[in-house]
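Enquirer: The structure that follows is given in the form of structure tokens.
The values are calculated or read from the model by the stated rules, or taken from the named source; none is laboratory data. Keep in mind that what you see is a predicted model, and the values were worked out from it rather than measured. Counting neighbours? That spans all protein chains shown, and the Cβs are built from the backbone with ideal geometry, glycine included. Ligands, DNA and RNA are stripped out before the accessible areas are found, and what is left, the full protein with its side chains, is counted by its heavy atoms. Shrake-Rupley method; radii C 1.70, N 1.55, O 1.52, S 1.80 Å.
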Amino acid sequence: AVNYSPCVTNNTTFASGEELTYKLYYNWNFVWLSAGEMTFKVIDEDDQWHFKVVGKTYESNDWFFRVRDYYDTWVQKESGLPIMGIRQIEEGKYRLYDYLTYDQSRKSVYNERGKAIDKIKERKNYKIEGCMHDIVSILYHSRNVDYSKMKVGDAFPIKIFMDKEMWPLKVRYNGREVSKEIRDLGKYNTQRFSPEVIPGRVFPEGATINVWVTDDANRLPLIIESPLSVGSVKAVLQSHKGLRYPVKAKL
């Protein structure tokens, strides 16, 4: 593991107004099917960043499996650690409303869960370890890690709270890849890293995600590939706006 701190995110990569749109592809029986879109937005709210993520299947695919997922996470700008998170999940017949408020100093999190905001079935406080992230904050935190000091194979630890449990995960650095072809966008110089994922309903045991980011100051995620319990999914960047820097990694 490299010497780094999960407790502080020195943001040098993103800015307020950044908006990234990805096209989602699902691999089924060796065929990549266009499935939907996912959008990531960064909103400036005084001393906090509000990360807003929306994932939807295309209406033409809703007959097969309808997805409407909404993630909202608020983090302190100074630390990059979450203060509050809301997940509203609609996947087929599965429904989940998951509300979390973090007290990082007291190492606790309050959780409300149910099928909807007006159908809460659980209200509970959990003890957590220090410097706890969530499924969204970890993405923006990882973009700000200084990979220039890492060797291929180095990893850094990070902990997230999700589905009523703490998960100690690792993110492994896999080095630079030059002239990576991105569908509809051209070729880029990239860096690749692989976060571990949480096994369970979605991911199989031992699964890892592969993420390619631009080898420039934005560290803009270009491709995210992930195995699922059945098949695999790939998110490919389609458009971006509000970036902090020019995209110098494009060839």
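Enquirer: Residue check: is Tyr126 among the aromatic types (Phe, Trp, Tyr), without any contact (Cβ under 8 Å) to a residue 12 or more places away in the chain and open to solvent by 20 Å² or more (accessible area, probe 1.4 Å)?
Expert: no
Enquirer: Going residue by residue through region 152-160, is there one that turns out to be farther than 26 Å from Leu20 by Cα, touching a Phe, Trp or Tyr at 6+ places or on another chain (Cβ under 7 Å) and at pLDDT 95 or above?
Expert: No, region 152-160 contains no residue that is farther than 26 Å from Leu20 by Cα, touching a Phe, Trp or Tyr at 6+ places or on another chain (Cβ under 7 Å) and at pLDDT 95 or above.
Conditions tested, residue by residue: (1) open to solvent by less than 60 Å² (accessible area, probe 1.4 Å); (2) part of a loop (DSSP other than H, G, I, E, B); (3) closer than 23 Å to Lys170 by Cα.
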position: Tyr4; (1), (2), (3): yes, yes, yes
position: Phe14; (1), (2), (3): yes, yes, yes
position: Ser34; (1), (2), (3): yes, no, no
position: Met38; (1), (2), (3): yes, no, no
position: Phe51; (1), (2), (3): yes, no, yes
position: Tyr70; (1), (2), (3): no, no, no
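Matching residues to (1) more than 30 Å from Glu177 (Cβ to Cβ); (2) open to solvent by 30 Å² or more (accessible area, probe 1.4 Å):
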site: Ser105; (1), (2): yes, yes
site: Asn111; (1), (2): yes, no
site: Lys119; (1), (2): yes, yes
site: Val145; (1), (2): no, no
site: Met150; (1), (2): no, no
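Enquirer: Name the single residue that is farthest from the chain's Cα centre (by Cα) among those in region 77-100 being over 26 Å from Gly36 (Cβ atoms) and surrounded by fewer than 16 Cβ atoms within 10 Å (Cβ to Cβ).
Expert: Across region 77-100, the extreme among qualifying residues is Glu78.
Enquirer: Right, another one. Identify, from the list Ile135, Ile117, the residue that is touching a residue at least 60 places away in the same chain (Cβ under 8 Å), closer than 23 Å to Asp72 by Cβ, among the aliphatic types (A, V, I, L, M) and not in a strand (DSSP E or B).
Expert: Ile135
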